[in-house]
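The values are calculated or read from the model by the stated rules, or taken from the named source; none is laboratory data. Small disclaimer: the values here were computed from a predicted structure and weren't measured. Positions of Cβ are backbone-derived with ideal geometry, glycine not excepted, and every protein chain shown enters the neighbour counts. For accessibility, only protein heavy atoms count, side chains too; no ligands or nucleic acids. Shrake-Rupley method; radii C 1.70, N 1.55, O 1.52, S 1.80 Å.
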Amino acid sequence: MGHCFRSVVNSWATSNHFLKISTGFDESKKLSFHMKARLCMKSHKMKEEHKSHKYSTSLVESICLQCYKRNIPTSADVAKQERLYKKLHSCLNATSKNPVSLYQFGSTVNGFGFRNSDVDLSVAGISLIQAKAILKQTHDFTNVVLIRCRIPVLKFFYRPSGLLGDVTATNKVAHRNTKLLHRYSTISLKSKIAIYAFKYLAKSCHLSDVDSGFISSYAFTILAIYYLQQIEPPALPVLQELQSFNQVPTMISGFNTSFFDGSEKELARIWCSYGRNEYSASQLFLGMLDFYANKFDYENHVVSIRQRSIERRRESRFDNFVIEDPFENRNLASRISVQKLKLIQDFFSKAYSHFAQLQNHSWKSTKPLESRFNPGLLLHEETCVYVLRGMYNNLKEMKTCGISETNEQYLHTLFQMEQFMHKLYKRRRLPQKFHDSFSRNFSIKSLHLL
Ligand code: UTP
């Protein structure tokens, strides 16, 4: 649970102008300082450099910053997660005969989490079946379900914090990838902001959803890191290549999970591209979209954050898209069909056009952030039907968890769904059954909100 954050040096617009910013869970507060610093730069003698950074004062830049500021967990959010952790730990320990260990992993501790991200936990000393029985009897935990998939997961809703939790049996490799991502999250603030915008985009369009046949949120983070390692000059290093040769490999479950985890000073010494990338956060964000829309060779190449050189696909691989796990020999996109891959590619291409045309708009934005990431604008019609199903299931889950009209996220999803429904229904692209079921269960009017 301890989160130790290092200070990061962020090269913002040019490598000559470093802003030293210490990161922490309350980074949202620091951002106002950051925004001010940027605005000062505008009036400074750096106008010349700014001309060459055409997106850096654009609306897209302000959208990226807003997205980061809105979604980065505050200390109050972290406190809520901690309460969940403590309560779960004490419940399991009080009832189980053996001492139970509980560890947090995933985005709430890897530096790329959102305010309302699910809390990922792993347990040792108790089976998930026993844990389920305990939680079922504890008032504060509702919607306790055990899902039996490749890695069985016990899902629950913790009422006092209003958070969802996922418990798995000890998964040491996931702990290592959490540490790896956390190290990446501390290297460059502008890269982190771009990753937040990229993840937020995928989340807003409900594409980071494995159950709907797309790819996980974790896989989207890997896509973003890969792009940041591949651009010239790179914005992020390949930490697994920087580990020193005489270091003893950290072997976990038969996989080498070593990576460079040294100090910032040491990183600056051994990584020759340190501080050389001069792109702004929005340029990096747009670059990611462009890369996956137009440049990445899906048929022949592998997305791998283990190495800088291009990894070619093995002929024997029949997968439609290969995103290599940083440690395990596993493809994070192994389940994606040709059809879903096409939908994702179309999404990247539409999102790229959408945000690229905003680059020349002025910095000040009066529109709410959600409207910039509205899936109705960013998705093709046929993708909408898949996404609607995902949203519908999310709403059902939220409703059964007791999250409803008063919840901002719930309302937002509801509004978006209504917009979508009308768009598709008018064009007769939506099955009648689906429309009726949605109207019966979730109509805004039926919730007396209008
Ligand atoms: P999630 O895909 O739930 O995403 O994976 P996330 O990183 O927590 O992002 P949010 O919650 O949408 O912000 C949770 C964690 O599970 C492990 C990783 O440690 C990941 O951070 N994981 C997930 C894997 O190890 N492999 C996978 O294929 C998926």
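Expected output is a single nm value to one decimal: the length gained when fully extending between E370 and F318, i.e. 0.36 nm times separation in residues minus the C-alpha distance. What is it?
Result: 15.0 nm gained on full extension.
For F214, list long-range residues whose amide hydrogen, built 1.01 Å from N in the peptide plane, is under 5 Å from its own amide hydrogen.
Distant-sequence amide H within range of F214: D209.
For region 216-276, with all protein chains present and a 1.4 Å probe, just round the carbon and sulfur fraction of the accessible area to a whole percent.
56
Using a Förster distance of 25 Å, how high is the FRET efficiency between V248 and R269, based on the Cβ-Cβ distance and rounded to 0.05?
Efficiency at R0 = 25 Å is approximately 0.75.
Once you place label points 7 Å from the Cα toward the Cβ at Q432 and V145, how far apart are they in nm?
Label-label distance for Q432 and V145, simple model: 2.9 nm.
Assuming 0.36 nm per residue, please report the length gained on full extension of the stretch Q339 to H361 beyond their Cα-Cα distance.
Stretched fully, the Q339-H361 segment lengthens by 4.5 nm.
Once a ≥ b ≥ c are taken as the square roots of the eigenvalues of the Cα gyration tensor of region 218-286, is the result rounded (a/c under 1.5), prolate (a/b larger than b/c) or oblate (a/b not larger than b/c)?
oblate
From the Cα gyration tensor of region 189-329, with a ≥ b ≥ c the square roots of its eigenvalues, which class applies: rounded if a/c is under 1.5, or else prolate if a/b is larger than b/c, or else oblate?
oblate
With the cut-off at 1.5 for a/c, could you classify region 169-243 from its C-alpha gyration tensor as rounded, prolate or oblate?
Oblate, because a/c is 1.5 or more while a/b does not exceed b/c.
Looking at region 210-305, which GluC sites (Glu not before Pro) are in a loop (DSSP not H, G, I, E or B) and have at most 11 other Cβ atoms within 10 Å?
E299
Non-local amide H neighbours of V322 (under 5 Å, H modeled in plane, Pro and chain starts lacking H): which ones?
V303
For a quick check of your reading of the filter: which chymotrypsin sites (Phe, Trp or Tyr not before Pro) in region 117-175 sit in a DSSP loop and have no more than 10 other Cβ atoms within 10 Å?
none
For region 381-387, take each phi angle, set θ = phi - 60°, evaluate the Karplus expression 6.51 cos²θ - 1.76 cosθ + 1.60, and give the result in whole Hz per residue in order, putting x for glycine and proline.
3J(HN,Hα) across region 381-387, in whole Hz: 4, 5, 5, 4, 5, 5, 5.
If you roll a 1.4 Å probe over the heavy atoms of the protein chains, what accessible area per residue do you get for region 115-167, in Å²?
47
Please list, in order, the residues from region 82-124 whose amide nitrogen is less than 15 Å from a point placed 7 Å along the Cα→Cβ vector of A133.
Answer for region 82-124: 92-98.
In Å², what does the accessible area per residue of region 239-328 work out to with a 1.4 Å probe?
52
If a paramagnetic tag sat 7 Å from the Cα of E311 along the Cα-Cβ line, which residues of region 240-277 would have the backbone N under 18 Å from that point?
240-243, 250-260
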